[in-house]
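The values are calculated or read from the model by the stated rules, or taken from the named source; none is laboratory data. Since we're looking at a predicted model, the values are computed, not measured. Please note: Cβ atoms are built from the backbone with ideal geometry, for glycine as well, and neighbour counts cover all protein chains shown. Accessible surface is based on the protein model in full, side chains and every heavy atom, while ligands, DNA and RNA are left aside. Shrake-Rupley method; radii C 1.70, N 1.55, O 1.52, S 1.80 Å.
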Amino acid sequence: MRALTWHGKRDVRVDTVPDPRIERPTDVIVRITSTGICGSDLHLYELLGPYLAPGDILGHEPMGVVEEAGAAVAALVPGDRVVVPFNVSCGTCFMCGQGLHSQCETTQVREHGKGAALFGYSKLYGEVPGGQAEYLRVPFANTLPIKVPHGPPDERFVYLSDVLPTAWQAVEYAAVPEGGTLTVLGLGPIGDMAARIALHRGASLVIGVDLVPERLERARARGVTTLDLREHGKTGTDGEEIVAAIRDLTDGRGTDSVIDAVGMEAHGAPGAKAAQQFVGLLPHALAQKLMDRAGVDRMAALHTAIEAVRRGGTISLSGVYGGMTDPLPMLTMFDKQIQLRMGQANVRRWVDDILPLLNDDDPLGVEGFATHILPLEEGPRAYKTFQAKDEGMIKTLLTP
């Protein structure tokens with residue numbers, strides 16, 4: 001089959017690789033019809049090379065059709081249409097029973113002290129072959145895949161793999177009070193969808209912050225009050241100017257909640273950027289040790305969130321952070337009585353809440369959410385374009 005594979009920093013290729021096969025009786029083989037490129041895939045493209053091997057298949061946002069089912073699979077048959085969550089979760093362990101599928105005890109990557117394995121996401125998360133490919137082996141087929149009806153286009157359902165549950169959890173964790181206010185930092189796919197969900201769920205004001213014109217424009221078209229970082233600037237670590245603009249919109253106190261949908265890709269913090277780039281130049285074994293014990297993030301977005309949230313408010317982190325020695329302003333956080341929630345999305349936990357919204361009325365605007373739909377063979381160009389934020393690319397689907 002053809003699959004998008006990692007070969008080095010900023011070097012991904014579409015190669016011919018062996019087809020996956022049934023390995024356990026609860027496996028299915030899914031023929032992929034659509035698969036997304038996620039912002040966190042750029043972490044593999046740019047930063048996390050020490051945890052990858054040449055030829056690793058990337059991607060964790062796939063859907064498709066069941067081609068083959070193992071002998072113990074009762075929930076699916078060949079021909080069923082399914083979305084594959086990015087968490088590899090069993091659905092039956094203690095953690096899955098708590099709705100914490102990202103902490104699945106059956107697939108935890110204990111060697112690296114990590115939670116549930118993920119499709120297509122490095123040794124840190126199990127080195128499971130990913131879904132930017134023509135076919136994918138999916139384990140735990142009785143509990144993991146999400147069966148969806150035939151008929152509507154893939155874009156109606158494909159975001160159940162990651163974007164929708166990640167954005168839904170971000171809003172849930174933000175605990176926006178009824179009729180309350182929310183700031184979303186970063187209007188990429190997750191921030192954009194989180195803003196849509198918050199408005200749908202009754203937030204009276206959603207402020208979206210970004211510096212990419214296309215992102216700001218499409219959020220504004222959905223009713224988000226947008227603030228352009230290029231206009232408001234950032235004077236210092238905590239983004240005083242953008243914080244002042246947020247407070248001006250909220251009677252001087254800040255929003256009830258803030259979602260940081262940026263994570264370690266935040267603009268600013270040149271020292272942290274230089275450190276990340278330096279680590280990327282080291283031999284893999286040495287780089288792994290340094291990242292495990294002394295990793296540092298570019299934390300401009302999180303510092304802005306801490307300043308922008310009102311006293312007693314809640315910050316929800318959906319942007320990925322990877323540092324082990326990140327400094328936090330604990331005095332400010334304690335003094336402001338800030339609540340903080342974070343973590344990988346527990347995809348299966350939120351599916352029943354989201355599915356009713358994927359109807360013909362399409363209140364979240366999932367159809368048309370992708371700015372680019374490209375053949376899998378154009379995957380390498382898509383990664384390069386997405387990283388550069390060129391061509392108005394915000395969300396890309398690849399079609400094997």
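Helices (runs of 4 or more DSSP H) fully within the stretch 174-253 that include at least 1 residues being crowded, with 20+ Cβ neighbours inside 10 Å and touching a residue at least 40 places away in the same chain (Cβ under 8 Å): 189-200, 213-221, 240-248.
Within the stretch 363-381, the set of residues being farther than 23 Å from ALA194 by Cβ and in contact (Cβ under 8 Å) with a residue 12 or more places away in the chain comprises LEU374, PRO375, LEU376, GLU377, GLU378, GLY379, PRO380.
Residues that are of a type outside the set (Val, Ile, Thr) and part of a strand (DSSP E or B) within the stretch 66-77 comprise GLU67, GLU68, ALA69, listed in sequence order.
Against the definition (closer than 30 Å to LEU398 by Cα and touching a helix residue (DSSP H, G or I) at 6+ places or on another chain (Cβ under 6 Å)), how does LEU211 come out, yes or no? Walk me through how you get there before you give the answer.
Working: closer than 30 Å to LEU398 by Cα: yes; touching a helix residue (DSSP H, G or I) at 6+ places or on another chain (Cβ under 6 Å): yes.
Considered against the rule, which asks whether it is closer than 30 Å to LEU398 by Cα and touching a helix residue (DSSP H, G or I) at 6+ places or on another chain (Cβ under 6 Å), LEU211 comes out as yes.
Counting only residues that are open to solvent by 20 Å² or more (accessible area, probe 1.4 Å), give me the helices (runs of 4 or more DSSP H) lying completely in the stretch 297-400 with at least 3 of them.
Details: elements: 300-308, 330-335, 347-354, 379-388.
Passing ranges, in order: 330-335, 347-354, 379-388.
Give VAL88, VAL84 a once-over and let me know the one that is within 12 Å of PRO139 (Cα to Cα) and without any contact (Cβ under 8 Å) to a residue 60 or more places away in the chain. Reasoning before the result, please.
Numbers: VAL84 fails: without any contact (Cβ under 8 Å) to a residue 60 or more places away in the chain.
Among VAL88, VAL84, only VAL88 is within 12 Å of PRO139 (Cα to Cα) and without any contact (Cβ under 8 Å) to a residue 60 or more places away in the chain.
Residues in the stretch 113-153 that are outside any loop (DSSP other than H, G, I, E, B), farther than 26 Å from VAL14 by Cβ and open to solvent by 50 Å² or more (accessible area, probe 1.4 Å): 1 in all.
Among the residues making up the stretch 78-112, a single one is under 13 Å from ASN346 (Cβ atoms), part of a loop (DSSP other than H, G, I, E, B), open to solvent by 50 Å² or more (accessible area, probe 1.4 Å) and among the polar types (S, T, N, Q): GLN98.
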